[in-house]
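J.: A single structure is presented below for examination.
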Amino acid sequence: MPLEGSKVVLRQKRLSDARNDFMWSTDEELSRLDASRPLSLTFCEAQVLYEDELTFPQSRKQRFAIETRSGLHIGNCMVYDINKFKGEAELGIMIGDRRFWGKAYGTGAVRLLLEHIFSETKLNRVYLHTLDWNIRAQKSFEKVGFVAKGNVRKNGHNFLTMEISRERWQQLTPEVGREMVQAS
């Protein structure tokens, strides 16, 4: 069930993604942008965990690989902490391949993921936390309709909380809203 956009394709994760994911999770700069520490496992250790995650997916998380239209794996995005009772979930994204930074691939992936969420699920709110100094990410999220809601401090880092509601998404993308009404 790949999701196809004008710049990117979102698809289910697969074992062949493990090498890139390992490389990106051990990268110091990418870890800093994610407010985390580089992974300290060997590739073989990480691959065992990766295989387990693919074999036994969690119901409160959906992970996607981000590919260019030509099929190059350039990053990942996910929806996690899915709370069906509250109708909300958190979104995360990482473009691991630096050659694709600043070229709207991340924005395209987030737009595509939101389109999927608001047309295929009953979630009404998607939120995220981005480091307060990561202006590039904040601008990208604003382009697809996220709005700043406040600041939070977690694990020694300052984050900006941003969110988008189903209603706002439908206002910003009327064609998606019309399709959803017709499908109901």
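Each reported figure results from applying straightforward, stated rules to the coordinates on display, with no laboratory input. As the structure is a computational prediction, the values presented were derived from the model and not from experiment. Using ideal geometry, Cβ is built from the backbone for each residue, glycine included, and neighbour counts are taken over all protein chains shown.
J.: By how many nm would the segment from D52 to A35 grow when fully extended, if each residue of separation counts as 0.36 nm and the alpha-carbon distance is taken off?
T.: 3.7 nm
J.: Would you look at the GNM of the chain, springs on alpha carbons closer than 10 Å, and say which of L54, L91, L113 moves the most?
T.: Judging by the Gaussian network model, the answer is L54.
J.: Straight distance only, please: which aspartates and glutamates reach the Cα of K84 with their own Cα at less than 18 Å, same-chain residues fewer than 8 apart left out?
T.: E115, E120, E163, E167
J.: Quick one: length gained pulling T42 to R69 fully straight, 0.36 nm per residue minus the C-alpha distance?
T.: Stretched out fully, the T42 to R69 stretch lengthens by 6.6 nm.
J.: Among DSSP bridges having both ends in the chain, what percentage is antiparallel? Round to the nearest 5.
T.: About 90 percent, rounded to the nearest 5.
J.: Under 20 Å from a label point 7 Å along Cα→Cβ of A148: give me every residue in the range 121-137 with its amide N that close.
T.: Answer for the range 121-137: 126-137.
J.: Ranking D81, D97 by Cβ neighbours within 10 Å, fewest first, what do you get?
T.: Sorted ascending by nearby Cβ count, the order is D81, D97.
J.: For the chain, find the longest principal axis of its Cα atoms and tell me its angle to the long axis of helix 105-120, 0 to 90°, nearest 10.
T.: Compared with the principal axis, the helix lies near 50 degrees.
J.: Alpha carbon centre of the range 1-35 versus the range 63-130: separation in Å?
T.: Distance between centres, Cα-based: 11 Å.
J.: Let me ask something else. Rank E142, E67, E51 by mean-square fluctuation in a GNM of the chain with C-alpha springs under 10 angstrom and give only the top-ranked residue.
T.: E51
J.: Still on this structure, I have one more. Summing -39500 (n - 2.57) over the DSSP H runs of n ≥ 4 in the chain and dividing by its residue number, what mean residue ellipticity at 222 nm do you reach, to the nearest 500 deg cm²/dmol?
T.: Calculated at 222 nm, the ellipticity per residue is -11000 deg cm²/dmol.
J.: First obtain the Kirkwood hydrodynamic radius of the chain from its Cα pairs, then insert it into the Stokes-Einstein equation at 25 °C and 0.890 mPa s, and state the resulting D in µm² per second as a whole number.
T.: Diffusion coefficient, whole number: 143 µm²/s.
J.: Suppose every Lys and Arg Cβ carries +1 and every Asp and Glu Cβ carries -1, with no other charges. What dipole size does the range 3-183 come out with about its Cα centre, to the nearest 20 debye?
T.: I would put it at about 440 debye.
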